[in-house]
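Each remark here refers to the structure printed beneath this line.
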Amino acid sequence: MTYLLSGASVFFCGGFSDRDINVVSLADRSESVVNVDASKYFVFPGFVDVHVHFREPGFSYKETIASGSAAAARGGFAAVCTMPNLSPVPDCIENLNLQLDLIKRDARINVLPFGSITRGQCGTELSDIEALAHYVCGFSDDGRGVDNTALMREAMLRAKSVGKIISAHCEDGRQIKDSPEAEWKEIERDIKLADETGCAFHVCHISTKESVALIRDAKKSGVDITCETAPHYLTLADVDCLDHGRFKMNPPIRTAKDRDALLEGIVDGTIDMIATDHAPHSADEKSRGFAGSLNGVVGLETSFPVLYTELVKKGIIPLTRLVELMSVNPALRFDIENDGFTVFDLSEEYTVDPSEFLTMGRSTPFEGRKVFGRCIATVVGGKTVYEDNKFLQKYKSFN
Ligand code: DOR
């Protein structure tokens with residue numbers, strides 16, 4: 001079956017215009033064609049998330065490439081970049097190949113791995129940067145910072161020489177764990193290094209007001225820097241967090257002042273993109289209260305609905321800016337060809353229910369939240385990779 005979506009609001013050349021779009025059903029293989037009045041549907045370029053954890057190889061009890069990419073497709077994503085805290089760490093071609101084979105076999109959308117900056121992400125010796133460069137979207141030691149300044153300088157020089165970006169989890173291990181300083185002091189150092197080396201530099205999941213100010217100034221002075229933040233830092237503050245593992249992640253959710261500074265950064269363009277830091281763990285690993293649970297929450301299936309509801313519907317940014325933040329800008333900065341689109345119904349309110357997720361992780365600070373924006377279908381490379389079951393049932397019954 002093919003859905004003929006007529007009169008959908010399609011994102012095109014920076015704005016929306018009414019167009020007709022065809023989507024081939026994933027589940028219904030019949031030759032039939034159904035006309036759908038699509039006036040309430042919006043079509044966006046596939047979202048691009050430059051920061052996810054798909055746990056394979058090494059930790060498939062938390063998430064697999066199959067489950068992670070199915071969740072991404074349900075969230076409207078056409079491409080994701082996976083972080084290298086895996087086992088083995090993709091620090092050489094041999095290790096990376098294990099991951100690439102799994103991606104080739106199981107990925108439903110475009111899955112692009114990061115190579116690690118340092119061997120085993122240990123922060124003492126650089127990975128095979130030149131050998132990996134052709135096969136990775138960039139280099140990152142996500143989960144920890146690279147505290148050795150000389151090593152980070154060398155990493156930037158080598159990444160620049162192979163034309164790759166460094167995406168840094170800025171956290172100075174010598175500062176108090178989870179303190180704002182641990183984040184912004186390492187950003188401050190890395191801005192100097194990026195300026196000195198000319199390396200394309202991207203800062204992962206910024207969460208503090210100082211980070212926003214530093215990056216704003218660095219951009220003004222011409223440093224080749226971009227940054228991301230995540231939906232939870234934009235929509236929650238420390239006072240909202242309960243003693244539950246679903247509020248535990250690194251960096252932590254900070255004060256209302258930090259959240260407001262991040263929102264300013266989103267509005268004025270200091271923050272270039274929103275990434276989920278989708279970081280699934282098992283139920284057991286997340287059920288030990290705030291203090292005892294592992295860091296990380298899932299985000300692929302809630303990112304757009306939460307941001308649309310909290311940022312766009314509340315008038316903080318227009319819908320076109322959200323598309324820039326979730327699709328246009330990450331694809332441009334990480335040189336990702338975006339060959340997908342996603343169809344959303346923005347009219348219906350519903351409650352976030354983790355039991356409906358396709359990710360193996362269930363821990364989200366947005367559980368129980370009322371949101372607008374349900375993904376109807378996602379198409380990547382001309383192939384439908386996700387289709388909402390209710391939507392399918394509605395149109396199937398007319399056959
Ligand atoms: O919350 C987090 N979880 N932050 C990180 O930096 C790593 C991630 C993970 O791998 O679980």
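A few points about this structure:
- Anisotropy class of the stretch 330-399 from Cα gyration tensor, a/c 1.5 cut: oblate
- Here r is the Cβ-Cβ distance between ILE316 and GLU94 and R0 is 41 Å; the resulting FRET efficiency, rounded to 0.05, is 0.30.
- The ASP268 and THR2 beta-carbon pair, evaluated with R₀ = 56 Å, returns a calculated FRET efficiency of approximately 0.85.
- Reachable lysines, given that their alpha-carbon falls under 16 Å from the alpha-carbon of LYS160 and they are not under 8 places away in the same chain: LYS192
- Among ALA131, ALA261, ALA200: highest mean-square fluctuation, GNM of the chain, C-alpha pairs under 10 Å: ALA131
- Residue-span extension gain [ASP243 to ASP178] - 0.36 nm each, minus C-alpha spacing: 21.7 nm
- Multiplying the residue separation of LYS370 and THR124 by 0.36 nm and removing their Cα-Cα distance gives an extension gain of 84.0 nm.
- Set of aspartates and glutamates with alpha-carbon distance to LYS185 below 15 Å, sequence-local pairs under 8 removed: ASP147, GLU171, ASP172, GLU210, ASP217
- Using the rule -39500 (n - 2.57) for each DSSP H run of four or more residues, divided by the residues of the chain, the 222 nm mean residue ellipticity is -8000 deg cm²/dmol.
- Relative contact order, whole percent, for the stretch 300-399 stands at 28, derived from Cα pairs under 8 Å and 6 or more residues apart.
- Remark: the Cα gyration tensor places the chain in the prolate category, a/c being 1.5 or greater and a/b exceeding b/c.
- Calculated FRET value between VAL162 and ALA213, using beta carbons and R₀ = 45 Å, to 0.05: 0.90
- Of THR64, THR118, THR320, the one that fluctuates the most in a GNM where the chain has Cα springs shorter than 10 Å: THR320
- Label-point separation, SER60 to GLN393 (7 Å along Cα→Cβ), nm: 3.2
- Accessible area (Å², per residue) of the chain, counting only protein heavy atoms and a probe of 1.4 Å: 39
- Electrostatic tally near LEU5: other residues with Cβ closer than 12 Å to its Cβ, Lys and Arg +1, Asp and Glu -1, net -2.
- Relative contact order (percent, whole number), the stretch 37-87, Cα cutoff 8 Å, 6+ residue spacing: 49
- Exceeding the 31 Å Cα-Cα cut-off - candidates LYS40/LYS220; LYS286/LYS396; LYS313/LYS394; LYS257/LYS370; LYS62/LYS164; LYS104/LYS370: LYS40/LYS220; LYS286/LYS396; LYS104/LYS370
- Surrounding net charge for SER69, when Lys and Arg each add one and Asp and Glu each subtract one, Cβ distance under 14 Å: +1
- Expressed as a whole percent, the accessible surface of the chain that belongs to carbon and sulfur atoms is 51, based on a 1.4 Å probe.
- Among GLU285, GLU348, GLU301, residue whose mean-square fluctuation peaks in a GNM of the chain (springs only between Cα atoms under 10 Å): GLU348
- For the stretch 304-363: rounded, prolate or oblate by the Cα gyration tensor [a/c cutoff 1.5]: oblate
The values are calculated or read from the model by the stated rules, or taken from the named source; none is laboratory data. What you see is a predicted model; the values in this text were computed from it and never measured. With ideal geometry, Cβ positions are generated from the backbone for all residues, glycine too; neighbour counts draw on all protein chains shown. Surface accessibility is based on the protein's heavy atoms, side chains included, excluding ligands, DNA and RNA. Shrake-Rupley method; radii C 1.70, N 1.55, O 1.52, S 1.80 Å.
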